[in-house]
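Reviewing the structure listed below.
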Amino acid sequence: MRTLLLVPALSLAACLVAAPAFAPAFAKEKEKLVVHLKTSKGEDAGTATFKETKKGELSIKLELKNLPFGEHAVHIHAKPVCDAPDFKGAGGHFNPDARQHGTLNPMGHHNGDLPQNISIGEDHAGSAAFKVDYLSMKEGSPNNILANGGTAIMVHEKPDDMKTDPTGNAGNRIACGVITAPSAQ
Ligand SMILES: [Cu+2]
Ligand SMILES: [Zn+2]
């Protein structure tokens, strides 16, 4: 299931609870993973919060800032590397199923492709939320974004056309956050 939802303003709260969430008292809660993104200039670009839902989907909530006005592609890239300014070290899109790029591509899509672009406002901030059934944080699953040292979440200068292999014609990489297991941080 791929749905787009509006995000409540809880990113600050999510940051504050990230560490205690792994304490024994919270052990039965589904754990949130908060990833901090930076722009190619090293500015704070906000957060991406990952959480597994009871239905076994991965919820991804973006609260981004310090980005240019307009529509921007967001992907999960294959390597846990954010090497500013071009972020090339993150490699291509996370693609354990060896597909082509884009939800509108008949040969697609990569596991790292998200269902929608994010819209950044004139205040240089924007939010988006997705739930996808083709990514997880489950140990042993091929679509686990934490496996093999992790992955990276990437924002691009342009929107994704959802069909051009392998990049979605989304242009330069402008913000990045490393996605790693809490024990590896
Ligand atoms: Cu990308
Ligand atoms: Zn892709």
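The values are calculated or read from the model by the stated rules, or taken from the named source; none is laboratory data. Nothing here was measured: the structure is a model prediction, and the numbers come from that model. Backbone-built Cβ (ideal geometry, glycine too); neighbour counts: all protein chains shown.
Some points to look at:
- Counting only strands (runs of 3 or more DSSP E) that sit completely within the range 66-158, those holding 1 or more residues that are under 28 Å from residue 31 (Cβ atoms) and more than 13 Å from ligand 2 (Cβ to nearest atom) correspond to 70-72, 118-120, 126-132, 151-156.
- Some residue of the range 32-45 being at pLDDT below 95 and either under 16 Å from residue 156 (Cβ atoms) or within 16 Å of ligand 1 (Cβ to nearest atom) (or both): no
- Qualifying residue in the range 144-152 (condition: within 13 Å of ligand 1 (Cβ to nearest atom) and modelled with pLDDT of 95 or more): yes
- Among (1) buried (at least 21 other Cβ atoms within 10 Å of the Cβ); (2) in contact with a His (Cβ under 8 Å, 6 or more places away or on another chain), the one test that residue 99 misses: (1)
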